[in-house]
Amino acid sequence: MNDKIRILVVDDEQKVLNVIKAYLIKEGFDVLTSSDGEEALNIFKNEQIHLIILDLMLPKISGEEVCNKIRATSSIPIIMLTAKTEEDNKIEGLAIGADDYITKPFSNRELVSRVKAIIRRTYRDNNPLAQLLVINDGDLEINIEKMIIKKQGNPVPLTSNEFKILIALLTNPGQIFSREQLVNKAFGIDYDGFDRTIDTHIKNIRQKIEENPKRPRYIISVYGMGYKFNG
């Protein structure tokens, strides 16, 4: 992982872009901006991006569609930014793969704080890893830097949280993690979620990378103890 974290901010309001960019640059981040969904996708395809702040109400291609297209190939962290406040909209944003959701108007200090928390949880342990991990003669390919996973050459649409859990397991092959240990390893001790949600994430990961999720080859349950990676 490069020392400089690059963030893509996507919003159709130039004033919002300028303010967010100024705050993030002040915190030492490299920032790219875009005012429409089509341009945002082009930037994502051609630049090394580590996190995206994505407005939902965009011209040309909506924020939801941008998120869906990115999630089809990458687990990069995404923070949704929108004026929509209804709970259903928040749930929808998280369901399509967002890692966090902030409604306008918002505190720029809070946004920066959430960005830092996600960056810390996502990238803090990635420095020692090879950029590309190839498992079982290419059955799985994991690009750590770009957060892209392929199964037999086909992209696997893991969420950012699923990606972090998988990385925590596969970089410690054979080691058994309890749910609490896996939460701490994948997300850090400051994570505010519940350790039982690990079971749901594991189920989702198995559905995406295992030939037979009911008889997993990679993520193995150890009765009464937790999970380990076998590969």
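The values are calculated or read from the model by the stated rules, or taken from the named source; none is laboratory data. These numbers were taken from a predicted model, which means no experiment stands behind them. Positions of Cβ are generated from backbone atoms using ideal geometry, with glycine treated the same way; all protein chains shown enter the neighbour counts.
For the range 70-108, the candidate set comprises residues that are assigned to a helix (DSSP H, G or I) and of a type in the set (S, T, N, Q); within that set, the residue that is modelled with the lowest pLDDT is Asn89. Residues in the range 38-69 that are touching a strand residue (DSSP E or B) at 6+ places or on another chain (Cβ under 7 Å) and part of a helix (DSSP H, G or I): Ala40, Ile43, Phe44, Gly63, Val66, Cys67. Exactly one residue out of Leu51, Leu56 is farther than 24 Å from Arg120 by Cα, assigned by TED's automatic domain parsing to the domain that holds Thr103, modelled with pLDDT under 95 and touching a helix residue (DSSP H, G or I) at 6+ places or on another chain (Cβ under 7 Å): that is Leu56. Collect the residues in the range 136-159 that are under 14 Å from Ala72 (Cβ atoms), out of contact with any helix residue (DSSP H, G or I) (no Cβ under 6 Å at 6 or more places or on another chain) and not in a loop (DSSP other than H, G, I, E, B), keeping them in residue-number order. Across the range 136-159, the qualifying residues are Ile148, Ile149, Lys150, Asn154, Pro155. Pairs are defined by a Cβ separation below 6 Å, a sequence spacing of at least 6 or placement on different chains, a first member in the range 95-122 that is in the same structural domain as Lys185 (by TED's automatic domain parsing), and a second member that is charged (D, E, K, R) and modelled with pLDDT under 85; no pair meets this definition. Against the conditions (1) modelled with pLDDT of 90 or more; (2) closer than 17 Å to Glu211 by Cβ, Leu111 satisfies every one except (2). Whether any residue in the range 179-193 is farther than 24 Å from Ala72 by Cβ and crowded, with 20+ Cβ neighbours inside 10 Å is what I want to check. Looking through the range 179-193, at least one residue is farther than 24 Å from Ala72 by Cβ and crowded, with 20+ Cβ neighbours inside 10 Å.
Return the residues of the range 8-34 that are under 28 Å from Asn143 (Cα atoms) and not acidic (Asp, Glu); say none if nothing qualifies. Within the range 8-34, Leu8, Val9, Val10, Lys21, Leu24, Ile25, Gly28, Phe29, Val31, Leu32, Thr33, Ser34 qualify.
Restricting attention to the range 141-176, the residues that are over 15 Å from the mean Cα position of the chain (by Cα) and on the phi > 0 side of the Ramachandran plot total 3. The residues of the range 201-224 that are at pLDDT below 90 and either surrounded by 12 or more Cβ atoms within 10 Å (Cβ to Cβ) or in the same structural domain as Ser74 (by TED's automatic domain parsing) (or both) amount to a single one, His201.
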